[in-house]
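Reviewing the structure listed below.
The values are calculated or read from the model by the stated rules, or taken from the named source; none is laboratory data. Bear in mind that the values here come from a model prediction, so they are computed numbers and not experimental data. Because the Cβ atoms are built from the backbone with ideal geometry, glycine has one as well, and the counts that use them run over all protein chains shown.
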Amino acid sequence: MSTEFFIARRYLLAKRKGLFAMVTTFIGVAGVALGVAALIVTLAIMDGFQSDIKKKIIDAQAHVTIYGRMQPRDMAAVRSALGRDGRLAAESPFVMGQAILTFNNRSSGVVVKGFDKAAEFAVNNLKNSLRQGAWWADKPARSAAPELVLGEELAKSLGLWIGDEAVLVSPQGAAAGMGILPKMRKFKVVGLVRTGYYDFDNTMAYCPMGAAGDFFGFAGGANGVGVRLKNIDTAAAAAADLRKALGFSCTVKTYADMNQTLFAALKLEKFVMSLVLALIILVATF
């Protein structure tokens, strides 16, 4: 006879007879059962919620991201470092910068990310987040304005729709006789994406890597590389190995590093809910 069965039998099959003993036993057992069930259900919901948030972040971000101004020769060194690590599945160079997007007297700060579609879609699930329109053409017309894909919430806030042309303004402009003039360029909106993560959908704008490189002054180069791992659970270890390989010239961050506040809040919320329910179960045992 197991210890668990012995204890359960000892307290459930009380020697006392009568309706009162049966009722009190039933209430005690039901209280503990409901408390345990509530704890299990709550933890399952919190785990599911955390997994859903994590999926939305990973769909729009790489598992590991390397930041640093890189020219073609530096990119070759990065690819060499990535190739030595068997945990890495794919990488995508990008150009990223901050700008102001203006349209019809409305403006909003945005983060512009330029990339090669084939490489980027191998790193994240951004391709499937497209809700309206299309991604930019592989060979756009030379005379046409560069094409831009916006987060759905960002487009709504500015009143933009597919086919509209908006102006990107970079604070890092060119020096002139009257001071530094901001750099401006017209872009055409061709698509809208919705990742389900509001911070991305309200701030991100995507364009071809060449257009972003010309706009931010990284023509022919990149200022970051997104990395996809074969196993996301090895992100922290892979990032540590990349820091050693690349030295101080680059900054390496995992998806968790870039969302520390969110994951810390989810962890704390889960702990507090578990503690409260544990106290409820403790009270129910009496």
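Key figures
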quantity	calculated
When residues of the range 242-282 are limited to those that are part of a helix (DSSP H, G or I) and among the aromatic types (Phe, Trp, Tyr), the one farthest from residue 37 (Cα to Cα)	248
Whichever residue in the range 166-181 is surrounded by 13 or more Cβ atoms within 10 Å (Cβ to Cβ) and at pLDDT below 90 and, among such residues, is farthest from the chain's Cα centre (by Cα)	173
Filtered residue count, the range 57-73, keeping only those that are buried (at least 17 other Cβ atoms within 10 Å of the Cβ) and either acidic (Asp, Glu) or more than 17 Å from residue 257 (Cβ to Cβ) (or both)	2
Among residues of the range 62-76, those that are among the charged types (D, E, K, R) and assigned to a strand (DSSP E or B), counted	1
Index of the failed condition, residue 231 passing every other in (1) assigned by TED's automatic domain parsing to the domain that holds residue 123; (2) over 24 Å from the mean Cα position of the chain (by Cα); (3) surrounded by fewer than 21 Cβ atoms within 10 Å (Cβ to Cβ)	(2)
Qualifying strands (runs of 3 or more DSSP E) (wholly inside the range 79-165; at least 2 residues being at negative phi and surrounded by fewer than 20 Cβ atoms within 10 Å (Cβ to Cβ))	88-103, 106-115, 130-133
Near pairs, Cβ below 6 angstrom, 6+ apart or cross-chain, from the range 76-90 (modelled with pLDDT of 75 or more) to any residue that is assigned to a helix (DSSP H, G or I) and buried (at least 16 other Cβ atoms within 10 Å of the Cβ)	87/234; 87/238; 88/82
Residue within the range 111-122 that is farther than 28 Å from residue 171 by Cβ, touching a helix residue (DSSP H, G or I) at 6+ places or on another chain (Cβ under 8 Å) and either at pLDDT below 90 or not assigned by TED's automatic domain parsing to the domain that holds residue 183 (or both) present	no
Set 205, 239: member being within 21 Å of the chain's Cα centre (by Cα), assigned to a strand (DSSP E or B) and more than 30 Å from residue 40 (Cα to Cα)	205
